[in-house]
1. Mean projection of the alpha-carbon convex hull of region 16-72 over all orientations, in nm²?
2. Along each of its three principal axes, how wide is the spread of alpha-carbon positions in region 12-162, in whole angstrom units, largest first?
3. Among A75, A67, A153, whose mean-square fluctuation peaks in a Gaussian network model of the chain (Cα, cutoff 10 Å)?
4. E76 versus H51, label points 7 Å from Cα toward the beta carbon: distance in nm?
5. Cα axis of helix 12-66 to longest principal axis of the chain: angle in degrees, 0 to 90, nearest 10?
6. In Å, what is the Rg of the alpha-carbon atoms in region 52-121, and how long is Dmax?
7. Would you kindly state how much longer the chain becomes between F10 and A155 on full extension, computed as 0.36 nm times their sequence separation minus their alpha carbon distance, in nm to one decimal?
8. For Y18 and Q110 in the same chain, what is the full-extension length gain: residue separation times 0.36 nm, less their Cα-Cα distance, in nm?
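No lab work stands behind these numbers, since they all come straight from the coordinates. What you are looking at is a predicted structure, and each value in this text was computed from that prediction instead of being measured. Please note: Cβ atoms are built from the backbone with ideal geometry, for glycine as well, and neighbour counts cover all protein chains shown.
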Amino acid sequence: MKINSKNSGFTLIELIIYIAIVSIILVSISYLMIDILKGSVSSIAKTEVNHNIRLLVWQLNKDIHGAAAVKDISAESLTLQLSDGHELKYFFDLEAKKLISQLDGGQLIQVHSDDINVEGDFSSLSFMDKTKGVDVNLIISYKNPSGRQEYDASANVNLGVELYGRR
């Protein structure tokens, strides 16, 4: 009778090498996935800031261009006399870090999304009653209550707008 002593299977050393190689591959893939997720979160924060920049610049340009006069201006607030007789006020809520608008003393309206903070100031660009203009400086940042670095996104915008609605 013939005994077949052929070993079929893996040795212990082969299993250890296999586990080490698979572990290295899995760790590399997990770090890659973490980097992709961080990039996605960072992209979301930057997109939100950029969207709000476009919204704020468009709204402020439209309202200031169409205004008949600057009724009152200070660092925190801007009151415009619109050509249709209405009064439009913009002001910075310094504690809540919001830009608020109010038409004819009515309802207060936040001009941007809840996901960002807005700070800034207004100043006059008028010159000898020949030109009427307003300088708007905005600091827009993504709200980051957790303090995580990938959520940091901010931008500064300086906007000079001339009043065209006056006659």
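1. Working: hull surface 19.9 nm².
With every direction weighted equally, the projected area is 5.0 nm².
2. Per principal axis, max minus min of the Cα coordinates gives 89, 30, 23 Å.
3. Taking springs between Cα atoms under 10 Å, the residue moving most is A75.
4. It works out to 3.0 nm between the two label points.
5. It works out to around 10 degrees.
6. 11.7, 33
7. Values: separation 145, 0.36 × 145 = 52.20 nm, distance 5.95 nm.
Between F10 and A155, full extension yields 46.3 nm more.
8. Details: separation 92, 0.36 × 92 = 33.12 nm, distance 5.92 nm.
Gain on extension, Y18 to Q110, equals 27.2 nm.
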